[in-house]
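A.B. asks: Supplied in structure tokens, the structure appears directly below.
The values are calculated or read from the model by the stated rules, or taken from the named source; none is laboratory data. Since we're looking at a predicted model, the values are computed, not measured. Neighbour counts run over all protein chains shown; Cβ positions are idealised from the backbone, glycine included.
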Amino acid sequence: MIKHERAATAKIVKVDLDGFHVRNHKNLLNKWKIYFKKRNFDYKILIKRAGAVGDAIMVTPIIKALKNRYPLSEITIHTVCPQVFENNPDVANIINGDFNPDDYDMFLNLIWHTKKIQKSI
């Protein structure tokens, strides 16, 4: 409970923030229940990072951040260094051959981003 005083002559007003939060959460879920039933929260994510072992290791924080943001997602890595990701619990699949980016909901081509960053420096 938080005590709030409006003025010296006003009575102390008690605000139940926890109860307010619970009520608002229930209202939100009720209002959006049709959306939440239809909405798919598991994404197929493909990360492409071809390069040396050090380049592949630098992708691991990105994988962790994506898994934290989208916990139901399936993350696939396209790399020439599959040994880096073999025991990573956040990686579902590792591919080294051809792939179709249209088969995935998100496609991160980290090679292109790196080249673009280097050109801007």
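A.B. asks: Just to confirm my filter: which strands (runs of 3 or more DSSP E) fall fully inside the range 1-100 and include at least 3 residues that are at pLDDT 90 or above and within 23 Å of ILE111 (Cα to Cα)?
C.D. replies: Where strands (runs of 3 or more DSSP E) fall fully within the range 1-100 and carry at least 3 residues being at pLDDT 90 or above and within 23 Å of ILE111 (Cα to Cα), they are 44-48, 74-78, 93-95.
A.B. asks: Tally the residues that are touching a Cys at 6+ places or on another chain (Cβ under 9 Å) and among the charged types (D, E, K, R), restricting the search to the range 30-87.
C.D. replies: So the count comes out to 2.
A.B. asks: Sticking with this one: With of a type in the set (Lys, Arg) and either surrounded by 11 or more Cβ atoms within 10 Å (Cβ to Cβ) or touching a Leu at 6+ places or on another chain (Cβ under 9 Å) (or both) as the only criterion, which of LYS26, LYS37, LYS48 stands out?
C.D. replies: Checking each option against the conditions leaves just LYS48.
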